[in-house]
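S.K.: Take this structure, written in structure tokens, and hold onto it; I'll ask about it next.
Only the coordinates and a few stated rules stand behind these numbers; no lab work does. Small disclaimer: the values here were computed from a predicted structure and weren't measured. A quick note on method: Cβ atoms are made from the backbone with ideal geometry, for glycine too, and the neighbour counts reach across all protein chains shown.
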Amino acid sequence: MTAGAVDHRGDATEPSDAQVAAGRLRWWRELLYLAVFYAVYSSVRNLFGSQGTGDDIDATVAYEHALQIIDIQRAMGLYFEAEVQRWYLDLPAMGLIRLWNIFYGTAHFVVTAGALIWLYHTDKARYPRWRNTLLVTTAVAIVGFASYSLMPPRLLDDPGKYGACRIYAPAAAFAAEPDEKIVEGCDRYGYVDTLAVHGGWISFDDEKAAGLTNQYAAMPSMHIGWSVWSALVLAPMVRRRWARVLAWTYPVLTLFTIIVTANHYWLDAVGGLAALGFGAVVARWLTARFQARQAQGDLPITTA
């Protein structure tokens, strides 16, 4: 009888590979693996871009890459980020943009962690594959951040050390006051750094906060990669139709947020989806091989 076969009484006589792997999961070991991986991810991510070898070189390269993205989108007739942001900020109360700043800074981590924890407790058979998908996707993102530093839209009109204005209008940037958000000559692209101007959970306009992360880690967008991953994990675990719709609304809202807050170009989102797709394919293969090897070990299933 093959693995996972069912006898005439309806009871599984042999565990599947996924059941064997699920039986060996330990929450403390999973937590340790993820903590170490995230520490490595954060460290490697911040070795490049705005935290790299030299401010002038890094800013110039990141700005040139931004121009490449804009040119591609213009060639497609789909360069609309600045226009969408202007439309949204012209809404009453500026569309409550501060809430979207907070959403951008918090949901990315909270929802992803919540989905992973819920998956672990609810569906251990699916957990290894989707945990591995998240890890491989994030590893792919590190390669993108290291090889293609990209200045986000919010920094294109910024006169500060991470912004583009000191490249295309150095005199205006030099004359800018530290707390001045809009400087004549530094408004070539028409973007507003909503986090710096309107506030939120944390502002990268703060020198200490800006120095803790890579300002040019925009391609691919892990806000999109992780949000779609979360929807793929959560949707099969809920029974109500409205809950499934809510799960898939989350990445849509994330896409909306990264545009109106000027944190990403829409091509960054495409990059995030590509990273997730690659991660899903590789993780499926790796998980299947690992689980098959575990099953061949003929070890007893234990309670996770």
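S.K.: Among 231-239, 276-284, how do they line up by average Cβ neighbours within 10 Å per residue, starting with the highest?
M.R.: Ranked from most to least packed, the peptides come out as 276-284, 231-239.
S.K.: Among H198, H223, which comes first, then next, by fewest other beta-carbon atoms within 10 Å?
M.R.: Going from sparsest to densest Cβ surroundings: H198, H223.
S.K.: What list of ³J(HN,Hα) values in whole Hz, one per residue of the stretch 217-223 in order, does the Karplus curve 6.51 cos²θ - 1.76 cosθ + 1.60 (θ = phi - 60°) give from phi, with Gly and Pro shown as x?
M.R.: Once θ is set to phi - 60°, the couplings for the stretch 217-223 become 8, 10, 10, x, 7, 7, 4 Hz.
S.K.: Which value in nm describes the separation of the simple spin-label points at R74 and A288, placed 7 Å from the Cα toward the beta carbon?
M.R.: Placing both labels 7 Å beyond Cα along the Cβ direction yields 4.6 nm.
S.K.: Further, regarding this structure: What order do you get for R241, R188, R166 when you list them from fewest to most C-beta neighbours inside 10 Å?
M.R.: Lowest to highest Cβ neighbour count: R241, R188, R166.
S.K.: What percent of all Cα-Cα pairs in the stretch 30-296 falls in each 5 Å bin, counting up from 0?
M.R.: 1, 6, 12, 16, 18, 16, 12, 8, 5, 3, 2, 1, 0, 0
S.K.: Say R0 is 51 Å: what FRET efficiency, to the nearest 0.05, do A274 and A171 get from their beta-carbon distance?
M.R.: E between A274 and A171, to the nearest 0.05, is 0.80.
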